[in-house]
Amino acid sequence: MPPKRNSSTAVASNTNSNPTQQSKRPKPPSQQLKKQEILTFLQSTYSYYTLKELEKLIPKNCKSISNGILVKDLIKSLLDDDLIHMEKCGNINIIWCFKRQVMKEQFIIGEKLESSLQVCKEEYSKLENDIEDCLQGEYNEYIIDDGNNGGKLKRDDCLRELKELDDKLKVSKNNVMELEKFKWDDERISLEKEEKLKDINRLEKLTDNIEILVSYLSNKFLIDSKQIRKEFGIPEDFKEFS
């Protein structure tokens with residue numbers, strides 16, 4: 001006789017043999033589906049409701065919504081999308097959505113869009129004409145003289161003259177920049193004066209050092225100071241700079 005098979009093992013093997021059946025789970029309804037069911041409910045009843053009434057009625061009439069807590073957020077989302085309406089009536093807010101009213105609003109929106117489209121078409125046509133006029137004017141050999149001379153001017157001559165004027169303008173700007181370098185104001189005069197005084201002080205120290213050096217050489221080597229000055233080209237008296 002064949003050995004008896006353990007029933008628990010058989011159950012386990014049957015359970016593990018169909019993993020795809022375990023992985024298949026129904027997807028939760030989307031937010032859009034829930035909103036659509038609420039919209040359908042409101043349009044089909046042709047009535048007004050408060051939010052508290054909808055929190056009770058919607059879970060009973062909409063399969064995808066089982067909890068009344070979600071109703072408030074869904075209603076707010078529909079109001080934000082202008083798909084339903086709400087107005088204050090006394091101390092309460094009433095909510096409704098009539099299908100004919102929605103169709104009327106969509107018709108009004110469609111008319112506005114058609115009007116805007118017509119305006120855009122007219123502007124587009126005008127821009128095309130303006131571009132065409134500009135292109136024709138750009139490649140025209142002659143241009144109209146709006147000055148006192150009247151008549152037409154050749155475009156190439158005008159462009160050549162314009163280039164010459166641009167070159168002259170650049171030269172004039174460079175000349176002005178060069179002149180700016182030699183422009184003296186009170187601040188620049190003060191700075192130059194300070195620099196010159198510093199140079200004079202340095203020259204005076206240098207001449208004093210030369211005199212000291214000449215005197216030192218004359219005394220050490222018993223050479224006449226005039227001979228030392230003549231040998232090194234040192235003047236008898238330095239020019240006064242002060």
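Assess whether L213 counts as being over 60 Å from the mean Cα position of the chain (by Cα) and exposed (fewer than 10 other Cβ atoms within 10 Å of the Cβ). So L213 does not fit the description; no. With respect to L135, is the statement that it is among the hydrophobic types (A, V, I, L, M, F, W, C) and outside any helix (DSSP H, G or I) true? No: the conditions fail for L135.
Residue selection: I94 fails the criterion of being hydrophobic (A, V, I, L, M, F, W, C) and closer than 24 Å to K27 by Cβ.
For the range 85-104, residues that are aliphatic (A, V, I, L, M), more than 16 Å from K52 (Cβ to Cβ) and touching a residue at least 12 places away in the same chain (Cβ under 8 Å) total 1. Just one of the listed residues (N91, N148) is at pLDDT 85 or above, exposed (fewer than 10 other Cβ atoms within 10 Å of the Cβ) and not aromatic (F, W, Y), and it is N91.
Screening L217, L169, L179, L197 for residues that are within 15 Å of I234 (Cα to Cα) and out of contact with any strand residue (DSSP E or B) (no Cβ under 9 Å at 6 or more places or on another chain) leaves exactly one candidate, L217. Annotation: of all residues in the range 62-84 being at pLDDT below 85 and not in a loop (DSSP other than H, G, I, E, B), the one that is nearest to P29 (Cα to Cα) is L70. One residue is enough: does the range 23-35 have a residue meeting the conditions modelled with pLDDT of 85 or more, closer than 25 Å to K88 by Cβ and under 52 Å from the mean Cα position of the chain (by Cα)? Yes, the range 23-35 contains a residue that is modelled with pLDDT of 85 or more, closer than 25 Å to K88 by Cβ and under 52 Å from the mean Cα position of the chain (by Cα).
The values are calculated or read from the model by the stated rules, or taken from the named source; none is laboratory data. These numbers come from a predicted model, not from an experiment. Neighbour counts run over all protein chains shown; Cβ positions are idealised from the backbone, glycine included.
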